[in-house]
Each structure stands twice: as C-alpha cells, then as structure tokens.
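Notes follow the structure.
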Amino acid sequence: MLSNKLLARIYIPYVILLCVCSFLTGYMVLGGVKSHLAVCVFIMLAIFSVMGFFIIKRTLSPLSNITHIAKNFTRGDFAVRVDISSSDGMQELAKAINAMGNSLQAQRQALSDNEKRLSSIINTMNDAIVAVDLQERIILINTAAKVLFGVTEISPGRDFLWERIRNETLQSLIKHVIKINAGAAAEIEFTSPKKKLIKTQFSLLQKDSNTVGILIVFHDITDLRKLENTRKEFVANVSHELRTPLTSIRGYVETLLENYAKGDEYTLKCLNVIMKHTQRLDNLIKDILDLSKLETNELKIEFHEINVYECTGDMLHTYREHCAEKNQTFRLNISQNLPSIESNEYLFRQLLTNLVDNAIKYTHKGGDIGLSIDTVNETIRIEVSDTGIGIPQEHIPRIFERFYRVDPARSREVGGTGLGLSIVKHIVNLHNGSITLNSAVGKGSTFTITLPQKQQEI
C-alpha cells in the first residue's frame, strides 16, 4: 500500500534519529552520571518511538483512504466518497477528491448516454451503415446492414469487411477511397443474399485531421430503379405506337398538299394546321425517344475525337436561314484552331441544335443570336446567347426538368416540346461537363456549357 510505504519512509528516519539521540545522551550521562539515569533515558526514548509511530500512522490514515478511493475512480467505481468530517489537514484534499469523483461520474454518465443515443439512432436507421478502419476491419455495423447483407455474428475490430460482404466492386472502391483520401459515391449491384442495386456513399472518418477509417452508407434503390425502368419502357412503347399512325397522317397530308388545286383556301389552311401539329407530335415523340435512350443507355454511345469547327461548320447555314426568316442577327465566334474534343458527333450536334433552336424560337424579330466556342484550360466552353424574352429567376432551378415550361401557351405556339433542355442536360452529364444559365426577363438568356477535352477512363 502507498500509505505503508510513506509511513516507512517517515517513521524509519524518526526511529534512527531517536536512537542516535539516545546514544549520544547515554554516552554523555555515562561519562559523568550514574548508569541508572542512562537506562531511564533509553526507556523514555523507546516510549517516544512507539508514540511517534501511532501518531504518524494516524496522520497518514486519511491519505491511505484517499489513495484507495482514487484508484477506484480510475477503475470506474464512483460508489464511495472520502470522509471529510475530520478537521485535520486532509479535509481540503478530501473535498477536492470528492469533487473530482462527482465530475468524472457525471462525464462518464453523459458519455454513456450519448453512446446509447447514437447507437439507438444508428440501429433504427433504414439505411445500412458500416464503418471500417484503414485495414478494412469492421468497427461498426448497424442492424439494417446486417439484414441487408444477411450477416448475423460480427466481431467489431476483428472481422474484415471482405470476409462478411463479398463484392469485388465494393472492395475496389474502398481501396480507391483510401488511396485518394477523399469521399466517393457509386451504384453497386449485389447478388447475395438477393440481387439488389445499392447506392453507396463513402465518407472519411478523421481524427485530428488524420483519416482513421471509412464510413459507408448503403441505400437500397432496387425498387426505385424498377419503377424508373417501367416508366421508361412505357414511354418508349407508347412513343413507338404513336409514331406509326402519325407517319401515315403526315404522308397523306403531304400528298394532299402536293396535289392541292389552287382556289380552295380553307382546305389549304386546314391542311397546313394538320401538317403543323403532326410535325409537332413527330418532334415530341422523337425527343421522348431520344431522352429515353439517353436515360437507358440504349444509344451505345462511343466517344472519339471530333473537330469542333468542322462539326459546327455545316450547321451554320441552317442557323443563318432560320435567323433570316425572323430578321434576326446571327453572331458566330468559333476559331478554326480549336482543339479536338473527345465526344460523340451525333450528341454534340444535338446539343448545339437544341440550344440554338430555342434561342431563335424565343427571340423576337430583329433580335440577336450568338454562338461562341473557345478553350479554357483543358475544356471547351460553349456559350449560346440571345436577346429574347428571358426566363424569370424563380423558374431557372427547374428549367432542365422534362416537360417544364415557363409559358406553356407560348411554348406550344412556337412548337416547343418541353424536352429540349432536358436532353441537353443529359448530354452534358454524359460528357462529365457542366451547364449554367444566366437570364433576365426582357433582356435574354445565356447558356454556358463546359465540356472536358478528354474523357476520364473509369
């Protein structure tokens, strides 16, 4: 015991000092006084030694109690407190020890409550959560994750993730996240225990700015993707079914127009109306099919290097003709020295066509249309501007949604389908690019698209 050691350190020098003093006293007494007086001195010294032992032990007894209780605090036992009823010098120390015990107990209880609360939240979440260290050992897994992956017994800190959840894509992504020391997200298909499509989010676990692990959140999107596929298949099937009769109607209308005998103006007017709306329906179906193929990757897109200047050159004549019909000015700013871009020529042309067509449709007669393409670092920047009607700020966040129109009546009047900008957005995403819109009502709009010159290999 600490108190016994301290008692020995104090008492032994005390006894030695008494012995030395008694020896010197006895020596002096024996030198000039009778021997019985020396014996009395020795007896008195012995009595003082025994009394000193008990006095020192009584003084150190509270310290022994404090030491014992402090050790209990370190083991997490806060049941006993130091007795502070004594009036000796240990009272202030006893109060300090008791205050420390109360503080430690409160902190431990708060930590325990927070841990239970956090554990309850994690285990009641619908999303599966798994945390691993940098050696890919599981350090945390919630109930949803165990159910999702069919895992029962887990030994946190001992079991490796690849032992419990076998998926090559998941393991590759974890290694990639650890290597680049940054979060990531991906959709992963799991085949065991059931075939599921899981949206997976990887985040870094850090301590003092050092990465100590990876937090993985799994969200089952299997049913959601099935619903999306069903919707896309429905749109594709309906579009194909509608296109056949419309093609026949359009063919007959064209024949009637070609064989029309002059003089019957009403018939001509009716035929022109039929032709206009048939063309609009045909454009609508074409856009629906294109959008459906972009979403389902049915186009089997292959990227290759294309010359931007040559790709846009043969389109300029058509643009100028459309602008001339509305007495609009078409401004072009494209350098012949533009570098090639890794893209798909069909999609690149469709992107430009949709943006320029919209600019022409929604700009009044006598307005300006601009197309500018230049390089910025290792990207191609495309700007399509107009001096048209503009778009109110509250509509800009939804302008790329399918069938979203700022003014439905005007859109139908000019022949818009409500899908052009949605198609543009999908094409930009396929190129890993970005698109922004700057618009003001009555002043016009400017669409700015940035596309990388080279596509990253996945």
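A few points about this structure:
- Of all residues assigned to region 165-172, at least one qualifies as being under 23 Å from S119 (Cβ atoms) and at pLDDT 85 or above.
- Test result for E168, without any contact (Cβ under 8 Å) to a residue 24 or more places away in the chain and not assigned by TED's automatic domain parsing to the domain that holds I138: no
- Looking at Y362, Y309, just one residue is touching a Leu at 6+ places or on another chain (Cβ under 6 Å), among the hydroxyl-bearing types (S, T, Y) and farther than 30 Å from E228 by Cβ, and that residue is Y309.
- Matching residues, region 125-140, being in contact with a helix residue (DSSP H, G or I) (Cβ under 8 Å, 6 or more places away or on another chain) and not charged (D, E, K, R): M125, N126, A128, I129, V130, V132, L134, I138, L140
- In the set K199, K276, K207, only one residue is among the basic types (K, R), within 30 Å of V130 (Cα to Cα), loosely packed, with under 15 Cβ neighbours inside 10 Å and out of contact with any Pro (no Cβ under 7 Å at 6 or more places or on another chain); that residue is K207.
- Subset of region 416-438 [of a type in the set (S, T, N, Q) and at pLDDT 90 or above]: S434, T436, N438
- Selection from region 183-233 of residues that are without any contact (Cβ under 8 Å) to a residue 24 or more places away in the chain, among the polar types (S, T, N, Q) and closer than 20 Å to N142 by Cβ: Q201, S203
- Answer residue from region 197-231, given it is farther than 22 Å from S172 by Cα and of a type in the set (S, T, N, Q) and is modelled with the highest pLDDT among those: S209
- Residues of region 136-155 that are over 22 Å from the mean Cα position of the chain (by Cα), in a loop (DSSP other than H, G, I, E, B) and surrounded by 12 or more Cβ atoms within 10 Å (Cβ to Cβ): V151, I154.
- The listed residue being out of contact with any helix residue (DSSP H, G or I) (no Cβ under 9 Å at 6 or more places or on another chain), assigned by TED's automatic domain parsing to the domain that holds T450 and not small (G, A, S), out of T329, T375, T312: T375
- Filter result (closer than 19 Å to P339 by Cβ and of a type in the set (K, R)) within region 420-458: K454
The values are calculated or read from the model by the stated rules, or taken from the named source; none is laboratory data. All values derive from a computational prediction rather than experimental measurement. Neighbour counts run over all protein chains shown; Cβ positions are idealised from the backbone, glycine included.
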